[in-house]
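I have a structure I would like to understand better, so I am pasting it below and will then ask my questions one at a time.
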Amino acid sequence: MSEQQNSNGLNAEHLRSSLEQIAAANGIQRWDLGAACSTDISVQVDRGEPKQMKGAQRSSITVRVWNEQGLVGVTSTSDLSGSGLERALTGAKDASAFGNADDIPAFSPLATAPLAELHQPIHAPQGILRLLDTLKGAEQDLLGRHAAISTVPYNGLAERSSERIYLNSDGACRQQQLSTASLYLYARAEETGRKPRSAGAVRLAYGAGELDVDGCVNEAAERTISHLDYAPIDTGRYTCVFSPEAFLDLVGAFSNLFNARAVLDGVSLSHRDSIGETLAVPFLDIHDNGLHPANIGASAFDGEGTPTRRLALLEGGVLRNFLHSEATARAFGVAPTGHAGLGAKVSVGPDWFEIGPTPGSNGGESGLDRFKAGQPIVWIDSLSALHAGVKASQGSFSLPFDGWLISGGEPRSIEAATVAGDIRQVLKAIVGFEGEAKVTPDGLCPMVWVEGLSVTGEA
């Protein structure tokens, strides 16, 4: 879409004109603004009855001002009126006197570069009552899939209309509109004398009418039912097969490997000279590609106005690039990569991972099939407690997981277990990939085989 699109919401050109006048009247020569506004509607149900129905309008605006000494002041506001903008600009000007002289951001040199064209249809909201009817039907369908499924304790159907803007005094004027919808179903099943078992599924789309409701119900039911027949697992070392969702979660938990801000702050597993080092098996590629057509909610530009693009992180197992903001890129002598978040301190983070075999490589062992392996295989479906079980700056993890032990081709749900290891060892212990890459909310990835991981069963 056009980066200067007029809409029923924000108008970037009008906003920039107002800011220019206010800045001139207050002796402010250098400024920028990042704004995000959204209208959200969501529903939750409990056995056919409404549990929660919410509607909200949110706005978040960050204003930065550079003073004559080059120091930066930052303010946040939710008021885009003329008086609100003036308070934000003058407040940022006053705050600039206390700016950090050792960490001075600048405008991205790519803040006025052309943007990629995104094909993101804008859908009108269906309304809260229609969402409620849809979610009631999905819950009823899921409850009817098995006698043991007694409740769907976590569920939600939501739609959002949002806009993002980036403006600066050098002429940058970015604007993007987006509509998205999401469905989440997490079922709980319980049989007499057995522990409760749970599993869920999620679907995303540009509009609520495009959501794959039946697919979400089917996946949640199949995963929940598959965990009913469970058994303990012996503690030991196993070859593990990670689902796409689980492996993407694991890589995301250690994304400081690729984060230039974390490198400069001394909290990354990488260091300034790590580019060119071999971090993984020679047939692994990892790209960050926020522009992938399957990435619902893709942004054409980051918080500093830098265009989003596909970036090679690992190619053939070799570290090729870091994720950068303007400031980190300047420190490394490279161009910004489009991964900045605007705030009191500019953050850096990944968008959407693509993980798979290196083109032209052997891709590791071929013909992998977890049901035909000659040894017991642990199939890890989902990881839990990533906030507590990951030591990102050390590389180690110990995480509870849901999954199955496959022995003799027969899968049986694992009662309770944790998987532990070091991400650097994991990346070098990948055996190969199974099946085609799957699209998930967090990225694109096939099944990933990793040998020699420590699995601890419940005592």
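The values are calculated or read from the model by the stated rules, or taken from the named source; none is laboratory data. Keep in mind the model is a prediction, meaning the values are calculated, not measured. All Cβ positions, even for glycine, are placed from backbone atoms using ideal geometry, and neighbour counts span all protein chains on display.
What number of residues within region 358-371 are over 15 Å from Met447 (Cα atoms) and not polar (S, T, N, Q)?
Result for region 358-371: 2.
Would you tally the residues in region 52-74 being farther than 20 Å from Glu163 by Cα and part of a strand (DSSP E or B)?
Looking only at that region, the number is 7.
Can you spot a residue in region 358-370 that is hydroxyl-bearing (Ser, Thr, Tyr), at pLDDT 95 or above and either under 21 Å from Lys438 (Cα atoms) or not in a helix (DSSP H, G or I) (or both)?
Checking region 358-370: at least one residue is hydroxyl-bearing (Ser, Thr, Tyr), at pLDDT 95 or above and either under 21 Å from Lys438 (Cα atoms) or not in a helix (DSSP H, G or I) (or both).
Would you point out the residue of region 249-294, among those that are among the acidic types (Asp, Glu) and surrounded by fewer than 19 Cβ atoms within 10 Å (Cβ to Cβ), that is nearest to Asp369 (Cα to Cα)?
Taking the candidates together, the pick is Glu277.
Considering Ile225, Ile233, which residue is more than 24 Å from the chain's Cα centre (by Cα) and buried (at least 19 other Cβ atoms within 10 Å of the Cβ)?
The conditions single out Ile233.
While we're on this one: Would you check if Ser60 is assigned by TED's automatic domain parsing to the domain that holds Leu135, among the hydroxyl-bearing types (Ser, Thr, Tyr) and at pLDDT below 95?
Judged against the criteria, Ser60 is a match.
Residue by residue through region 238-248, note down the ones that are under 12 Å from the mean Cα position of the chain (by Cα) and crowded, with 22+ Cβ neighbours inside 10 Å.
Correct list: Leu248 only.
A follow-up question, please. Quick check on region 48-56. Is at least one of its residues in the same structural domain as Leu118 (by TED's automatic domain parsing) and closer than 26 Å to Ala300 by Cβ?
Taking every residue of region 48-56 in turn, at least one turns out to be in the same structural domain as Leu118 (by TED's automatic domain parsing) and closer than 26 Å to Ala300 by Cβ.
What do you reckon, is Gly317 at pLDDT below 95, in the same structural domain as Ala280 (by TED's automatic domain parsing), within 19 Å of Asn256 (Cβ to Cβ) and more than 17 Å from the chain's Cα centre (by Cα)?
Here the answer is no, as Gly317 does not meet what is asked.
Kindly indicate which of Phe332, Phe322 is crowded, with 19+ Cβ neighbours inside 10 Å, modelled with pLDDT of 95 or more and among the aromatic types (Phe, Trp, Tyr).
Phe322
Being out of contact with any Gly (no Cβ under 7 Å at 6 or more places or on another chain), surrounded by fewer than 16 Cβ atoms within 10 Å (Cβ to Cβ) and among the polar types (S, T, N, Q) is the filter here, so list the residues in region 406-459 that pass it.
Selection gives Ser407, Gln425.
Taking the condition on the phi < 0 side of the Ramachandran plot, outside the structural domain of Trp66 (by TED's automatic domain parsing), modelled with pLDDT of 95 or more and of a type in the set (Ser, Thr, Tyr), does Ser243 pass?
yes
Go through region 179-215 and give me each residue that's surrounded by fewer than 20 Cβ atoms within 10 Å (Cβ to Cβ), modelled with pLDDT of 95 or more and of a type in the set (Lys, Arg).
Within region 179-215, just Arg188 meets the criteria.
Got at least one residue in region 364-380 being free of Cβ contacts under 8 Å to residues at least 24 places away in the same chain, out of contact with any Asp or Glu (no Cβ under 7 Å at 6 or more places or on another chain) and over 17 Å from Phe247 (Cα atoms)?
Yes: region 364-380 contains one or more residues that are free of Cβ contacts under 8 Å to residues at least 24 places away in the same chain, out of contact with any Asp or Glu (no Cβ under 7 Å at 6 or more places or on another chain) and over 17 Å from Phe247 (Cα atoms).
While we're on this one: Considering only residues that are among the charged types (D, E, K, R) and more than 25 Å from the chain's Cα centre (by Cα), look in region 106-153 and name the one that is surrounded by the fewest Cβ atoms within 10 Å (Cβ to Cβ).
Selected residue: Asp133.
Identify the single condition in (1) of a type outside the set (Lys, Arg); (2) at negative phi; (3) not assigned by TED's automatic domain parsing to the domain that holds Pro376 that Gly193 does not satisfy, given that it satisfies every other one.
Among (1) of a type outside the set (Lys, Arg); (2) at negative phi; (3) not assigned by TED's automatic domain parsing to the domain that holds Pro376, Gly193 violates only (2).
Could you tell me which numbered condition Asn100 fails, if it satisfies all but one of (1) without any contact (Cβ under 8 Å) to a residue 40 or more places away in the chain; (2) under 20 Å from Ala208 (Cα atoms)?
(2)
Moving to a separate point now. Picking from Gly395, Gly432, Gly408, Gly403, which residue would you name as being at pLDDT below 95 and assigned by TED's automatic domain parsing to the domain that holds Ala298?
None of the others qualify; the one that does is Gly408.
Can you tell me which residue in region 117-167 is nearest to Cys37 (Cα to Cα), limited to those that are in a loop (DSSP other than H, G, I, E, B) and among the polar types (S, T, N, Q)?
Within region 117-167, the match that is nearest to Cys37 (Cα to Cα) is Gln120.
Just the residues that are assigned to a helix (DSSP H, G or I) and small (Gly, Ala, Ser), please, taken from region 11-51.
Ala12, Ser17, Ser18, Ala23, Ala24, Ala25
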